[in-house]
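Have a look at the structure below before the remarks.
The values are calculated or read from the model by the stated rules, or taken from the named source; none is laboratory data. None of these values were measured; they are calculated from a predicted model. With ideal geometry, Cβ positions are generated from the backbone for all residues, glycine too; neighbour counts draw on all protein chains shown.
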Amino acid sequence: MRKGSAALLAGALALAGCSDAGPAAPAARRPLYFDVKSLLTQQVELLEQRHAAVTKRVSLRGNATETVRVPTVKWADELQIFFQADINKAALRGAYEVDSVALPGGLLRRTYTRLPGQPNAPVSRLTVVQQGALPQEIDATIIQNNPLFSAQKQLRVQLQNGQLRSYEVTGTQKLILFDSLRYAAAGQVE
C-alpha cells in the first residue's frame, strides 16, 4: 500500500510538471531596502517625456566652477552614477542596519548603514527622507578601495512632488602613483 501511494504521488507530481503553462515564474521579491533603482528609472522616464533641460555646475581639482545650461539631456546617462546607490542587490541582503526617525512636518528619515564585514557593499550609508510614500531627499556615501584605486563619493538627489529637482555629486578618487582628484558636479532640473 505504501509503495502504491508513493508511486501515485510521484506520478501526480510528474503530471503537474507537464502543464502547458511552462515553469512558474519566481515570485516577485519585495525590496528589502529603499528601491533607489526603481525611483531613478521612473525619474529618467519622466524627464525624457518632459524633454527637461538642466543647468549644470562642475568643478575639478578645486578650480573655478563652470556653469552651463544643457537643453537636450540623455537622462539615463546623466543620472547613471546615482544608480550606484542601489543597495537592493541579492548579495547585499542583510548587509545594512535600518534606523527610522520621525521628523517634524510628517517627514520620515530612514538611514541604511552598512554593517561591519561587508566588503561587497560599496554604499556605506544611504539616507532617505520621505513625506508619506514620496521621497524628498536621498543621500548616499559610496566608498571603494582596492590596492590600485580608492574613491569616495557623496551623492544627493532632491525631489519635489515626486519629481527630480536637483542632484549633486562630490568626491575624491586616487589612483596609485597619481595625485588625488577632487570633483563636484550639480544639476538643477528645469
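Restricting attention to region 145-166, and to residues there that are of a type in the set (A, V, I, L, M) and in contact with a Lys or Arg (Cβ under 8 Å, 6 or more places away or on another chain), which single residue is modelled with the lowest pLDDT?
ALA151
Under the condition of being of a type in the set (A, V, I, L, M) and under 19 Å from GLN160 (Cβ atoms), which residue from region 28-46 is surrounded by the fewest Cβ atoms within 10 Å (Cβ to Cβ)? Step by step, filter region 28-46, then rank; the result is LEU46. Pairs meeting the criteria (first residue in region 97-114 and over 14 Å from GLU137 (Cβ atoms), second residue assigned to a strand (DSSP E or B) and among the polar types (S, T, N, Q), beta carbons under 6 Å, at least 6 apart or on different chains) are GLU97/THR113; ASP99/THR111; GLY106/GLN131; ARG114/SER124. Here ILE138 passes the criteria (1) within 18 Å of the chain's Cα centre (by Cα); (2) modelled with pLDDT of 95 or more; (3) of a type outside the set (Gly, Ala, Ser); (4) surrounded by fewer than 16 Cβ atoms within 10 Å (Cβ to Cβ) except the one numbered (4).
Among residues of region 47-93 being surrounded by fewer than 12 Cβ atoms within 10 Å (Cβ to Cβ) and of a type in the set (A, V, I, L, M, F, W, C), the one that is modelled with the highest pLDDT is VAL68. Among residues of region 52-81 that are on the phi > 0 side of the Ramachandran plot, those with a beta-carbon under 7 Å from a residue that is of a type in the set (Lys, Arg) at least six positions away or on a different chain give the pairs ARG61/ARG182; GLY62/ARG182. All conditions in (1) hydrophobic (A, V, I, L, M, F, W, C); (2) over 17 Å from PRO31 (Cβ atoms); (3) at pLDDT below 95 hold for ALA133, with the sole exception of (2).
Restricting region 102-114 to residues that are surrounded by 11 or more Cβ atoms within 10 Å (Cβ to Cβ) and of a type in the set (A, V, I, L, M, F, W, C), the residue that is farthest from THR41 (Cα to Cα) is LEU103.
Taking the criterion of being of a type outside the set (S, T, N, Q) and farther than 19 Å from SER59 by Cβ, the residues of region 158-177 that qualify are LEU159, GLY162, LEU164, ARG165, LEU175, ILE176, LEU177. Looking across region 167-189 at every residue that is modelled with pLDDT under 95 and charged (D, E, K, R), the one that is nearest to PHE82 (Cα to Cα) is identified as LYS174. For region 129-186, which residues satisfy the criterion of being in contact (Cβ under 8 Å) with a residue 24 or more places away in the chain and over 30 Å from LEU107 (Cα atoms)? Once the filter is applied, which keeps residues that are in contact (Cβ under 8 Å) with a residue 24 or more places away in the chain and over 30 Å from LEU107 (Cα atoms), region 129-186 yields PRO147, LEU148, PHE149, SER150, GLN173, LYS174, LEU175, ILE176, LEU181, ARG182, TYR183.
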